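Accompanying notes for the structure given below.
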Amino acid sequence: MSDAPGLEVVGVTKRFGDFAALSDVSLRLHPGTVHALLGENGAGKSTLVKCIMGFYHADAGELLLDGREIKVGNPRDAQQAGIGMVYQHFTLVPSMTILENLTMGLGFRPGRIDWKVERAKLTAFLDTMPFRVPIDRPVSSLAAGEKQKAEILKQLYLQAKLLILDEPTSVLTPQEADEMLGLIRSMATAGQLTVLIITHKFREVLAFADEVTVLRRGKQVGGGKVSELSVPEMARLMVGDQASRDHAGREEREPGEVMLALTGVQALDDAGGPALQGVDLTVRRGEIVGIAGVSGNGQTALVEVLGGQRRHQGAVTVGGEPFGATREEIARHNFALLPEEPLRNACVGRMSVGENMAFRSFDRAPIGSGVWVKRGALRRHARDLVERYNVRTTGIDAPIMTLSGGNVQRAVLGRELSGEVDVLVCANPVFGLDFSAVADIHGQIVAARNRGAAVLLVSEDLDELLELADRILVMSGGAIVYETKRESADRQSIGLHMAGHA
Amino acid sequence: MGGFARGSLGVLLPPVLAVVATMILFAGFLAAQGVDPLTAYRLIWLGAFGTWFSWQDSLVRAAPLLLTGLCVALPAQMGLMIIGGEGAFVLGALAAVAAGLAAGNLGLPDILVQVIMAAAGICAGGVVIALCGLLRFKRGVNETISSLLFAYIAIAVMNQIIAGPMRDPGSLNRPATRTLPDNLMLGTIPGTTIHVGLIFGIIACLAAYICVYFTKFGFAARIVGGNARAGRVVGLPVERMILAFCFAAGGAAGLGGMVEVAAVQGAVSSDISTGAGYTGILVAFLARMNPLAIIPVAVLLGGLDAAGGLLQQRLNLPDATMLVLRGVLFVMLLSADALQGRLTRYLAPRRLPVTV
Ligand SMILES: Nc1ncnc2c1ncn2[C@@H]1O[C@H](COP(=O)(O)OP(=O)(O)OP(=O)(O)O)[C@@H](O)[C@H]1O
Ligand SMILES: [Mg+2]
């Protein structure tokens with residue numbers, strides 16, 4: 001295997017309209033190292049790597065691969081130059097096996113494919129890899145960690161020597177993330193790979209990266225060897241000298257009456273298999289109930305049922321009344337919901353930030369009036385939320401799909417939390433958020449609880465649950481298999497039940 | 001440059017390019033027939049908009065297109081592609097005549113009977129297209145195909161009925177229904193030869209535009225049409241809204257049929273299938289599914305239609321010439337749409353999967 005390349009990014013500038021997403025950013029990846037790219041939500045990290053990959057054309061700047069200038073017009077050029085990227089969402093075809101996916105990834109195959117040859121080639125390749133993945137099962141049946149590994153393997157199979165990972169660990173459990181990053185790290189150390197990784201987790205930076213570059217508002221503001229930087233230093237580079245906000249602490253309070261109750265809720269997944277097999281749970285006023293579990297054990301279906309996106313059997317009641325997620329019921333019970341992947345589940349990408357923020361309130365005063373939607377009120381509402389929730393956008397008229405991932409999350413959270421909230425359901429509310437936003441959002445959730453909201457918090461991050469939840473339920477195989485109070489919660493037994501051994 | 005592709009100019013550019021390319025290609029087609037393209041274009045202009053007389057002709061022809069254009073543009077707001085407006089048009093006409101003939105004898109005021117006729121036309125058309133919507137989310141049947149097939153069924157049903165139960169015994173060689181009495185025919189706009197159907201069409205387009213962009217219902221519709229999953233999360237009745245839009249769309253085409261029969265033809269015969277439903281597809285695409293833009297586009301196409309006769313008389317070109325022009329225009333338009341995809345991809349690569 002040939003050696004890991006070095007990459008130099010020199011003076012890249014990228015504007016969208018008159019907004020400069022990147023101004024004169026430079027960075028240097030040394031061969032065989034893992035380089036972390038840090039920055040707040042909307043700092044320009046994704047934009048920078050998309051410029052490297054040829055998805056975007058930088059307005060100025062150049063790329064030097066091993067000292068030679070290269071021109072990357074589109075992702076195929078990047079692939080040819082040995083640069084591969086793994087996105088945060090999955091790009092493999094779910095209905096095909098890994099063997100098929102990776103073979104197709106090689107590009108045009110003339111005539112008919114000799115699967116025996118392809119299989120032999122792939123197996124030979126996999127034997128040289130430190131990862132193991134089942135190559136004959138459809139991708140849709142794989143766990144998130146396996147899929148992510150397969151995405152990485154695909155890039156390596158396509159001979160990427162320089163691997164770019166955009167928040168690769170947000171879909172993984174901490175164990176999976178550690179395993180995957182460890183493998184990549186060892187390949188880099190062995191001189192097979194140079195890696196550029198975007199992440200919001202300092203822990204991962206400290207454990208797996210050699211060097212870091214920090215972006216703030218599109219400018220390169222610092223960086224250096226990880227061994228010479230401390231977390232507070234990196235954090236300061238990311239946010240500048242902003243005063244950090246104070247967050248509500250949790251008040252000791254007795255939970256009130258039951259606001260949200262599920263009894264014997266069953267639902268099927270898209271393939272018609274069982275996703276929920278009789279879920280019973282209750283959430284009271286003033287408490288946060290956490291749902292822990294390995295992804296793929298029904299949490300997504302549970303949130304979809306509550307959001308009216310999935311048919312179900314069994315009873316869901318809110319405030320003691322049957323709840324079918326109609327608009328009227330949602331408004332009456334002050335029900336708020338933040339689903340995972342908000343751009344896919346709770347936004348219309350083509351509509352503006354302002355319009356998306358009005359999805360809950362467009363039919364109520366002051367925005368809705370008679371049959372009309374009042375533009376002025378809609379814009380005021382949006383401006384207010386953008387400010388309060390610190391959403392970084394070029395303007396409230398920008399289509400929401402142009403926002404950075406973290407900012408979409410903030411926009412939706414702002415929409416959901418801005419009014420009165422009596423019941424709040426959130427799924428992985430801080431996915432992809434930078435550390436200051438995480439603290440902010442956690443503060444908002446606790447504040448909602450302190451005000452007496454019943455909060456159901458579904459999260460794949462056990463630390464988040466241990467920090468926030470009053471009670472933790474463990475979900476496995478589509479049912480609640482374990483329950484523990486905050487005071488008596490211990491990682492070990494939660495972990496065992498998550499893994500389904502107990 | 002991203003703003004350029006997304007701004008108003010970017011929206012207008014492809015249709016304008018399509019029209020220009022069509023004119024060039026069609027000029028070649030004319031030249032190949034030994035006709036001087038410039039003369040032909042001058043005649044087309046004259047026949048379409050050159051005189052008050054041709055203006056009136058163009059506007060009359062635009063009237064049904066306004067309504068059948070809506071039949072495509074409204075479901076498009078909900079992400080549905082309906083191309084079977086012709087069926088709704090034909091059934092609308094049939095229902096309107098049936099209602100007119102039945103209610104005409106009850107001694108009601110004419111205007112009331114006309115309202116009943118319009119309502120019958122709207123309901124008949126609305127039900128056909130709503131059925132396509134229903135099949136879509138109940139059974140996952142592709143609405144484009146089903147609406148097209150329904151159009152064939154509708155035309156066959158219409159032929160069956162005018163040859164059977166509703167046949168006017170007086171119509172000897174060509175089956176047709178009885179003719180509406182004169183007092184039930186729609187009048188003209190004072191001082192013109194243009195029937196009031198044009199006003200119906202314009203009002204319908206304006207109403208659709210205002211509804212989609214300024215009302216709460218339209219706002220909800222844009223949510224559902226943009227992303228049904230998001231619509232569900234915010235508690236909107238996704239299925240019912242899609243049905244409502246399909247019904248309104250079919251209703252528009254049905255009203256178009258009512259106008260055609262109550263202002264022009266007087267009775268339903270196989271002539272009622274004028275192709276207005278299909279031309280509506282072209283209108284809606286040219287208007288980029290914007291109800292307001294349908295108005296000028298329908299007038300433009302009505303004009304092309306009106307010019308056909310003059311072209312035939314003066315240059316001895318077959319009637320189908322204008323169909324060729326229309327066909328070329330449609331193909332160019334679709335190519336321009338593909339081009340638009342490219343443009344946005346190159347200029348503002350935001351259609352790409354957005355990584356978080
Ligand atoms: N196509 C586009 N049009 C307009 N603005 C854009 C576009 N793409 C990105 N932006 C803007 O550029 C800025 C940087 O976005 P980018 O996606 O690079 O952020 P990021 O650092 O990856 O943030 P996150 O951590 O939230 O993913 C954001 O303010 C975003 O709104
Ligand atoms: Mg990003």
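The values are calculated or read from the model by the stated rules, or taken from the named source; none is laboratory data. Bear in mind that the values here come from a model prediction, so they are computed numbers and not experimental data. Here the Cβ positions follow ideal geometry from the backbone for every residue, glycine too, while neighbour counts run over all protein chains shown. Quick note on the areas: whole protein, heavy atoms, side chains included, nothing else; ligands and nucleic acids left out. Shrake-Rupley method; radii C 1.70, N 1.55, O 1.52, S 1.80 Å.
With contacts taken as Cα pairs under 8 Å at a separation of at least 6 residues, the range A:412-502 carries a relative contact order of 22 percent. For A:ILE291, the residues whose modelled amide H falls within less than 5 Å of its own, excluding neighbours fewer than 5 places apart on the same chain, are A:LEU457, A:VAL458, A:SER459, A:LEU473.
Between the DSSP loop rule and a limit of at most 12 other Cβ atoms within 10 Å, which GluC sites (Glu not before Pro) in the range A:335-393 are left?
Details: sites: A:GLU340, A:GLU355, A:GLU387; in loops: A:GLU340.
For GluC sites (Glu not before Pro) across the range A:335-393 that sit outside H, G, I, E and B with at most 12 neighbouring Cβ atoms in 10 Å, the list is empty.
When only Cα pairs below 8 angstrom with a gap of at least 6 residues are kept, chain B shows a relative contact order of 36 percent.
Taking max minus min of the alpha-carbon positions on each principal axis, the range A:7-239 gives extents of 52, 37, 30 Å, largest first. Rolling a 1.4 angstrom probe over the protein heavy atoms with all chains in place gives chain A an accessible area of 42 Å² per residue. A Cα-only calculation for the range A:361-471 places Rg and Dmax at 15.2, 47 Å.
Taking Cα atoms only, the orientation of helix A:375-388 departs from the longest principal axis of chain A by about 70 degrees. Surface calculation, 1.4 Å probe, protein heavy atoms: A:HIS381 sits at approximately 40 Å² accessible. The modelled label-to-label distance for the pair A:MET96/A:ALA398, using points 7 Å beyond Cα in the direction of Cβ, is 3.5 nm. Plainly put, the protein assembly as shown has a radius of gyration that is 1.03 times its Kirkwood radius, both from alpha-carbon atoms, as the Rg/Rh ratio. Please work out, to two decimal places, the log10 of the ratio I(q)/I(0) at q = 0.21, 0.24 Å⁻¹ from a Debye calculation in which every Cα of the range B:221-281 carries one identical scatterer. These q points yield log10 I(q)/I(0) values of -0.79, -0.92. Per-residue ellipticity at 222 nm from helix content only, as computed over chain A with -39500 (n - 2.57) for each DSSP H run of at least four residues, stands at -9500 deg cm²/dmol. Placing +1 on the Cβ of every Lys and Arg and -1 on the Cβ of every Asp and Glu, with nothing else charged, gives the range B:64-286 a dipole about its Cα centre of roughly 800 debye. The helix-only estimate of mean residue ellipticity at 222 nm for chain B, built from DSSP H runs of length n ≥ 4 each weighted as -39500 (n - 2.57), is -24500 deg cm²/dmol after division by the residue total.
Of the residues B:ILE129, B:ILE203, B:ILE82, which exhibits the maximal mean-square fluctuation in a Gaussian network model of chain B defined by a 10 Å Cα contact cut-off? Maximum among the listed residues: B:ILE203. Amide H contacts for A:TRP372 (H built 1.01 Å from N in the peptide plane; partners 5 or more residues away or on another chain; cut-off under 5 Å): B:LYS216. In this rough spin-label picture, where each label sits 7 Å from Cα along the Cβ direction, the A:ALA207-A:THR263 distance is 4.3 nm.
Rounded if a/c is under 1.5, else prolate if a/b is larger than b/c, else oblate: which is chain B, with a ≥ b ≥ c the root eigenvalues of its Cα gyration tensor? Walk me through the numbers before you get to the answer.
Values: a/c = 1.88, a/b = 1.13, b/c = 1.67.
Oblate shape, in that a/c is at least 1.5 and b/c is the bigger or equal ratio.
Among A:ALA454, A:MET53, A:GLY278, pick out the residue whose Cα is farthest towards the positive end of the charge dipole of chain A, where Lys and Arg carry +1 and Asp and Glu carry -1 on C-beta, about the Cα centre. With unit charges placed on the Cβ atoms, the residue in question is A:MET53. 3J(HN,Hα) along the range B:173-185: 7, 10, x, 7, 7, 5, 7, 5, x, 4, 5, 9, 6 Hz, from the Karplus curve 6.51 cos²θ - 1.76 cosθ + 1.60 with θ = phi - 60°, whole Hz, x for Gly and Pro.
Take the Cβ-Cβ distance between B:LEU46 and B:GLN160 as r, set R0 to 30 Å, and report the resulting FRET efficiency rounded to the nearest 0.05. Can you show the working numbers first?
On the way: r = 42 Å, r/R0 = 1.41.
After rounding, the FRET efficiency stands at 0.10.
Of the residues A:ILE197, A:THR91, A:LEU126, the one whose Cα sits farthest toward the positive end of the charge dipole of chain A, with +1 on the Cβ of Lys and Arg and -1 on the Cβ of Asp and Glu, is A:THR91.
Expressed as an acute angle from 0 to 90° and rounded to the nearest 10, what is the orientation of the C-alpha long axis of helix A:144-157 relative to the principal long axis of chain A? Compared with the principal axis, the helix lies near 20 degrees. Remark: the Cα gyration tensor places the range B:114-217 in the oblate category, a/c being 1.5 or greater and a/b not exceeding b/c. In order along the range A:446-456, the phi-based Karplus estimate (6.51 cos²θ - 1.76 cosθ + 1.60, θ = phi - 60°) of 3J(HN,Hα) comes to 5, 4, 4, 4, 4, 6, x, 7, 8, 10, 10 Hz; Gly and Pro are listed as x.
Put a dot 7 Å past the Cα of A:GLU254, heading toward its Cβ, do the same for A:LEU496, and the two dots end up 3.3 nm apart.
The angle separating the long axis of helix A:115-127 from the principal Cα axis of greatest extent in chain A is about 90 degrees.
Starting from 0.36 nm per residue, how many nanometres of slack lie between A:ARG217 and A:ALA271 once their C-alpha separation is accounted for? Don't skip to the answer; put the middle values down first.
Details: separation 54, 0.36 × 54 = 19.44 nm, distance 4.30 nm.
Length gained between A:ARG217 and A:ALA271: 15.1 nm.
When the charge dipole of the protein assembly as shown is built from unit charges on Cβ atoms (+1 for Lys and Arg, -1 for Asp and Glu) and taken about the Cα centre, the candidate among B:LEU301, A:PHE208, B:LEU282 whose Cα reaches farthest toward its positive end is B:LEU301. Rounded to the nearest 20 debye, the dipole magnitude of the range A:7-239 is 340 debye, with +1 charges on Lys and Arg beta carbons, -1 on Asp and Glu beta carbons, and the Cα centre as origin.
Considering only DSSP states other than H, G, I, E and B, which chymotrypsin sites (Phe, Trp or Tyr not before Pro) in the range A:78-187 qualify as loop sites with at most 16 other Cβ atoms within 10 Å? Please report the intermediate quantities before stating the final value.
Working: sites: A:TYR87, A:PHE90, A:PHE108, A:TRP115, A:PHE125, A:PHE131, A:TYR157; in loops: A:TYR87, A:PHE90, A:PHE108, A:PHE131.
Listed in order of number, the matching sites are A:PHE108, A:PHE131.
Give me the dipole magnitude in Debye, nearest 20, for the range A:1-133 about the Cα centre, with unit charges on the beta carbon: positive for Lys and Arg, negative for Asp and Glu.
Values: 14 positive and 14 negative charges, 100 e Å.
About 480 debye.
Rounded to whole Å, the principal axis extents of the Cα atoms in chain A read 66, 51, 47, largest first.
Say R0 is 51 Å: what FRET efficiency, to the nearest 0.05, do B:THR192 and A:ARG350 get from their beta-carbon distance? Show your work: numbers first, answer last.
Values: r = 41 Å, r/R0 = 0.80.
With R0 = 51 Å, the Cβ-Cβ based efficiency is 0.80.
Close amide-amide hydrogen proximity is noted between A:GLY222 and A:VAL214, each under 5 Å apart and 5 or more residues distant or on a separate chain (H modeled in the peptide plane; Pro and chain starts excluded). Ligands, DNA and RNA aside, A:MET475 has an accessible area near 0 Å² when probed at 1.4 Å. Rounded to the nearest 0.05, the FRET efficiency derived from the C-beta distance between A:PHE19 and A:SER186 at R0 = 41 Å is 0.55.
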